[in-house]
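Working notes, structure below.
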Amino acid sequence: MIINHPLLGPRDSAEFVYLGTANLMDRPDPDTATPEDWHDYAYLRDNPAGPHRELWFHEGGDRSILIVTRDTTTHEISSVELARNSGAQA
Amino acid sequence: MTQNNRLNGGQIDRNTTLNFNFDGKKYTGHPGDTLASALLANNVRLMGRSFKYHRPRGPLTAGSEEPNAIVELRSGARQEPNTRATTAELFDGLAAKSQNRWPSLAFDAMAINDRFSNFLTAGFYYKTFMWPAAFWEKIYEPIIRKAAGLGSLSMQADPDEYDKGFRHCDLLIIGAGPAGLNAALIAGRSGAEVILADEDFRMGGRLNAETFAVADLAGADWAAQTVAELSAMPNVRLMPRTTVIGAFDHGIYGAVERITDHLATSPTGKPRQILWRIYAKQTVLCAGATERPIAFENNDRPGIMLAASMRSYANRWATTPAQRVAIFTNNDDGHRTAQDLHAKGVKIAAVIDTRPDAPSSMDYEVLQGAQVADTKGRLGLTFVEVARADGTNRTIECGALGVSGGWNPNVQLTCHQRGRPIWKEELAAFVPGGTLPPYMSVAGAAVGTFSTHGALKSGADAVRKALGLKGRAPAVPQAEDAPVNQTPFWYVTGCSRAWLDQQNDVTVKDVKLSHQEGFRSVEHLKRYTTLGMATDQGKTSNMGGLAIMAELAGKSIPEVGTTIFRPPYTPTAIGTLAGRMRGKEFHPTRLTPSHFWAKERGAVFVEVGNWLRAQWFPLPGETHWRQSVDREVLATRSSVGVCDCTTLGKIDVQGTDAATFLNKVYCNGFAKLAVGKTRYGLMLREDGIALDDGTAARLAEDQFVVTTTTANAARVYQHMEFVRQCLMPQADVQLISTTEAWAQYAVAGPNSRKLLQKIVDAEFDISNEGFPFMACANITVCGGLRARLFRISFSGELAFEIAVPSRYGDALMRKLMAEGEEFDVTAYGTEALGVMRIEKGHAAGNELNGTTTALNLGMGRMVSKAKDSIGSKLAERPGLNEPDALMQVGLRPVNKDDKVTAGGHLMNTNGPVDAAHDQGYVTSAAFSPTLGSMIGLGFLKDGGNRNGETLRLVSPVTNLTVEVEVVSAHFVDPEGERVRA
């Protein structure tokens, strides 16, 4: 696959490490989350046939983490963005 | 032997004679020949034995779709089994052997299988070798493997090199027949960056095998002229001998280029084959078509081949399988073979055409509405039995029979993503369909455009569309434009031992049996009969099987559907896929800056991830590793030792929020760590399990240096980047791995400070008061060399770790050893390091094993409740906090001489030894020279309250049962006085 890095242009996916669903960015609020929220965050994953937002770490490149929207049935990539530009607020 | 089947003409160089041998016999051929064409020229039709029945076989085709003429090439370490004689380029001195026969090709003892063919039908193995199950692995499988026919391996290392490469282009054209060549010409003239790849050593495809003219040239000459024009274009790269084996995501193609396979000896420095990864913006697939056979009784004898292949042999290679041949066809294309061979002086015994209205000929007899009922000839065809339209039979003498059942477009690469071929009724064939690989279009015979004119035009159209070329289309060169006339005719009624898949020995009868026994979907048919599962992937056989299946089911072919194709298009050597990544090159080897110093000292090395680390340093006279390790431990504990710890991961954390960030990734607190201080830190995964441990040294208000274990360096860095970019994107913090930037050494033992004082520059006070336990500082050594000093200890002794820029690592190690002579300084390796950390009770990889929590490790109270950190919430789960949770303990054998082994389990002194009564397990064990016995670390249920208890350590695997006593994990200096000295 080719991932169109927002800063570096098209790169082979072999340069990246797959980190899993982009839902990992929505970490529960430690002050208000219930044990169920934590359980869901740590263990439950969607397995969609279709567009999937996921994290790819450019380990062999600039070390950016990208949010890649990839169709799991076609591998078509519809959007790529830098995780740190769209991430949760610290 | 002489080449008495050589015809006139052809694209071979008759001025040069090549000598080769097959099964030990000597033959001659010419440059331009394949092994198969040269053997046919020498009147050799028999080239192999079939897989199951060991039937004599000759070539069915003249290309990479060949199922039968499978041979072993070369000898010694370069021996290569299962290669197709039809694609092996002839060179002087080539030695080939037939396979799957014993004792000889003409007399094969296993041909007895053919007599038992009634028993060896589809599903024979499944039905026969089912019981008893235990017999499968030891008895049935070895026998079957021995009897089943494939070539043999040399069992020697492959002496050739293989390589990998990357290429980029605007347009990749796959196949250099009329469609591909014309496409390349137009693309090349437009200025686009073009790659034209073809599996053959001579570009031109069918143009080389036909007598058709293109424009005012013979087809082969037009091809040669076009290739010459293309090779003069700087923007066009021709890749002959290159098979595109797979179409992957986003316009990436895999291709194998055979660099030296056609040479007698490979020139030094050249790889044998290169696996290319081609990134193409657009691709035009011009893969052509494959002729399909007709099934009839005993249709597999040597001499029976596809009619168009027979034509290829005659026109391109100037050879014929026999001087008297017949043709069996259901279409006009078969007649072309008769015409071309007749023109070359080969006697055409008859053309047997299934069509009652077949065209007749002045030159030879055409039997209209006739079919081949049977054939004769044990080691090669001698007669065919023809059933004529009027019901009479006739025997025709011939040494070869050309069979034509029409053409199948080569759709393989269109299926590698989500393409599903669709049935085209007017062609009676599957053509590319469904979703093609992105940016791919298909032209020429591969899309069902079979005429030469049609191929030239469709190649031009496809490339103009792919490149978005505007303006008037260039004229298509004049060429034949015969209409396609394919009416399906799959098999002769009433035949049973009629081969569909010759390579896997699947007959019409097997397909019928499969249907009868309920294996009726195409996927079931394929797996039950093994139709199309041989190395040729059913290129000549799948369609026949599908058609018969459809007929039996009373369905149409599109209703039954087709199986699809996966990479690789043709068999690919594992060595090619591995490239240079073999042996020690399988992964990179990382060496520390003082590696060569350690090597000079005779160190024994161990692989730790990609790193090589010194395991111990044997001295003269030491014959057992334990002698070296025990000495290194005792010397360090009594005076001073030096250990290379460069391989530990080092991550530089900088920014105004650096402390906040570390507070998030470590379960213990870092916000209040003073500048100039170091702290042990434990990282958890979000699920509460320990991830890694290490130290973080605060070198400035906004700078920390974090260390990780050697094994987890990459993983921890990745985790920290995730937290930084995904969870704390607003924080002002930057990370960079500096593992390679600093060489780092542990200097441990009561004399470590004295040793370091000799090299640390005088303005830096490293006394216990000036540089207490857990201090850290930027310093200089040896008169101004910048360095970092940490007072941390893994060994439990007074110890420091000193880091210098990598390029000074070797010099620093030598300096420490030289200055340490007065203290009898010892270099120690990872074994002694391990022994000392077990003696001190420090957890390492064996304890942080992916199942243990901070509580298990005895660090439960370290998990700060005053702040949120990764894993802190889920670490509180009740399931991880049971009252009898496993706790790390120390273990000593009750009998001093007993062994303690890691992996053993702990059981109470009495009671059964089973999983239900398991009390825990041993994670680390070593002989402690300090204590004079073996010791261990382990996890024990409620371990914190069982000090002094006696347990059984059992290891049923090694038949070990010893009594051990539960003790503190801190075997050495439990109060920690030495590290603070």
inquiry  = Quick check on segment B:742-764. Is at least one of its residues outside the structural domain of B:Val972 (by TED's automatic domain parsing), closer than 22 Å to B:Phe704 by Cα, surrounded by fewer than 16 Cβ atoms within 10 Å (Cβ to Cβ) and within 47 Å of the chain's Cα centre (by Cα)?
reply    = no
query = If you take the residues of segment A:13-31 that are at the interface with another protein chain (Cβ under 8 Å from one of its Cβ atoms) and in a strand (DSSP E or B), which of them is farthest from B:Ala875 (Cα to Cα)?
reply = A:Val17
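Here is a yes/no grid of residues against (1) surrounded by fewer than 21 Cβ atoms within 10 Å (Cβ to Cβ); (2) within 27 Å of the chain's Cα centre (by Cα); (3) among the aromatic types (Phe, Trp, Tyr); (4) part of a loop (DSSP other than H, G, I, E, B):
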| site | (1), (2), (3), (4) |
| --- | --- |
| B:Asn43 | yes, no, no, yes |
| B:Phe51 | no, yes, yes, yes |
| B:Pro59 | no, no, no, yes |
| B:Asn68 | no, yes, no, yes |
| B:Ala77 | yes, yes, no, no |
Residues satisfying the stated conditions in segment B:926-961, i.e. within 30 Å of B:Ala635 (Cβ to Cβ), of a type in the set (A, V, I, L, M) and either touching a Lys or Arg at 6+ places or on another chain (Cβ under 8 Å) or surrounded by fewer than 23 Cβ atoms within 10 Å (Cβ to Cβ) (or both) = B:Ala926, B:Leu931, B:Met934, B:Ile935
ask   = Hey, B:Glu425 hits all of (1) more than 21 Å from B:Ile557 (Cα to Cα); (2) surrounded by fewer than 20 Cβ atoms within 10 Å (Cβ to Cβ) but one; which does it fall short on?
value = (1)
query = Given the conditions (1) touching a Cys at 6+ places or on another chain (Cβ under 8 Å); (2) surrounded by fewer than 17 Cβ atoms within 10 Å (Cβ to Cβ); (3) among the hydrophobic types (A, V, I, L, M, F, W, C), and given that B:Leu789 satisfies all but one, which numbered condition is not satisfied?
reply = (2)
ask   = Just wondering, is there one or more residues in segment B:341-351 that are among the β-branched types (Val, Ile, Thr), surrounded by fewer than 24 Cβ atoms within 10 Å (Cβ to Cβ), in a strand (DSSP E or B) and modelled with pLDDT of 95 or more?
value = yes
inquiry  = So the check is Cβ under 7 Å with 6+ separation or different chains; which pairs have a first residue in segment B:715-739 that's facing chain A (nearest Cβ under 8 Å) and surrounded by fewer than 16 Cβ atoms within 10 Å (Cβ to Cβ) and a second one that's of a type outside the set (A, V, I, L, M, F, W, C) and in a loop (DSSP other than H, G, I, E, B)?
reply    = B:Gln730/A:Gln89
key: Exclusive hit being at pLDDT 95 or above, within 30 Å of B:Ser638 (Cβ to Cβ) and either assigned by TED's automatic domain parsing to the domain that holds B:Thr695 or within 40 Å of the chain's Cα centre (by Cα) (or both), set B:Gly829, B:Gly841   = B:Gly829
key: Residue among B:Arg78, B:Arg74 that is free of Cβ contacts under 8 Å to residues at least 60 places away in the same chain and closer than 12 Å to B:Ala264 by Cβ   = B:Arg74
task = Scan segment B:794-826 for residues that are out of contact with any helix residue (DSSP H, G or I) (no Cβ under 8 Å at 6 or more places or on another chain) and within 23 Å of B:Arg980 (Cα to Cα) and jot them down.
result = B:Glu801, B:Ala803
note = Sole miss for A:Asn4 among (1) more than 8 Å from every other protein chain (Cβ to nearest Cβ); (2) surrounded by 15 or more Cβ atoms within 10 Å (Cβ to Cβ); (3) part of a strand (DSSP E or B) is condition (2)
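Yes/no per residue for (1) buried (at least 20 other Cβ atoms within 10 Å of the Cβ); (2) within 14 Å of chain A (Cβ to nearest Cβ); (3) out of contact with any Cys (no Cβ under 9 Å at 6 or more places or on another chain); (4) not in a loop (DSSP other than H, G, I, E, B):
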| position | (1), (2), (3), (4) |
| --- | --- |
| B:Met813 | yes, no, yes, yes |
| B:Glu822 | no, no, yes, yes |
| B:Asn849 | no, no, yes, no |
| B:Gly871 | yes, yes, no, no |
| B:Pro883 | no, no, yes, no |
| B:Gln888 | yes, no, yes, yes |
| B:Leu891 | yes, no, yes, yes |
| B:Asn895 | no, no, yes, no |
| B:Lys899 | no, no, yes, no |
note = Filtering strands (runs of 3 or more DSSP E) wholly in segment B:550-646 for at least 1 residues that are exposed (fewer than 15 other Cβ atoms within 10 Å of the Cβ) and hydrophobic (A, V, I, L, M, F, W, C) gives B:604-608
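For (1) more than 24 Å from B:Thr452 (Cα to Cα); (2) buried (at least 19 other Cβ atoms within 10 Å of the Cβ), each residue gets a yes or a no:
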position: B:Thr211; (1), (2): no, no
position: B:Trp222; (1), (2): no, yes
position: B:Glu229; (1), (2): no, no
position: B:Ala232; (1), (2): yes, no
position: B:Gly254; (1), (2): yes, yes
position: B:Thr265; (1), (2): yes, no
Given (1) over 44 Å from the mean Cα position of the chain (by Cα); (2) part of a loop (DSSP other than H, G, I, E, B); (3) at negative phi, index of the condition B:Gly911 fails = (3)
Failed item, numbered, when B:Val653 is tested on (1) modelled with pLDDT of 95 or more; (2) closer than 30 Å to B:Thr435 by Cβ; (3) crowded, with 20+ Cβ neighbours inside 10 Å; (4) among the hydrophobic types (A, V, I, L, M, F, W, C) = (2)
Residues of segment B:831-847 satisfying the condition of being outside any loop (DSSP other than H, G, I, E, B) and without any contact (Cβ under 8 Å) to a residue 60 or more places away in the chain = B:Arg837
task = State yes or no: is B:Ile689 farther than 22 Å from A:Met25 by Cα, within 14 Å of chain A (Cβ to nearest Cβ) and hydrophobic (A, V, I, L, M, F, W, C)?
result = no
query = Do you know which residues across segment B:270-298 are closer than 14 Å to B:Gly579 by Cα and away from chain A (no Cβ under 14 Å)?
reply = B:Lys270, B:Pro271, B:Arg272, B:Gln273, B:Ile274
ask   = What about B:Arg520, is it among the basic types (Lys, Arg), surrounded by fewer than 23 Cβ atoms within 10 Å (Cβ to Cβ) and in contact with a helix residue (DSSP H, G or I) (Cβ under 7 Å, 6 or more places away or on another chain)?
value = yes
message = Need the failing condition index for B:Glu701 against (1) over 30 Å from B:Asp973 (Cα atoms); (2) within 14 Å of chain A (Cβ to nearest Cβ), just the number.
response = (2)
key: Candidates B:Ala818, B:Ala866 - the one that is without any contact (Cβ under 8 Å) to a residue 24 or more places away in the chain, out of contact with any Leu (no Cβ under 9 Å at 6 or more places or on another chain), among the aliphatic types (A, V, I, L, M) and not assigned by TED's automatic domain parsing to the domain that holds B:Ala969   = B:Ala818
message = Filter segment B:476-517 down to the residues that are without any contact (Cβ under 8 Å) to a residue 60 or more places away in the chain, buried (at least 18 other Cβ atoms within 10 Å of the Cβ) and assigned to a loop (DSSP other than H, G, I, E, B) and list them by number.
response = B:Val484
ask   = If you go through segment B:664-678 one residue at a time, do you hit one that is in contact with a Phe, Trp or Tyr (Cβ under 8 Å, 6 or more places away or on another chain), at pLDDT 95 or above and at the interface with another protein chain (Cβ under 10 Å from one of its Cβ atoms)?
value = no
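The values are calculated or read from the model by the stated rules, or taken from the named source; none is laboratory data. These numbers come from a predicted model, not from an experiment. All Cβ positions, even for glycine, are placed from backbone atoms using ideal geometry, and neighbour counts span all protein chains on display.
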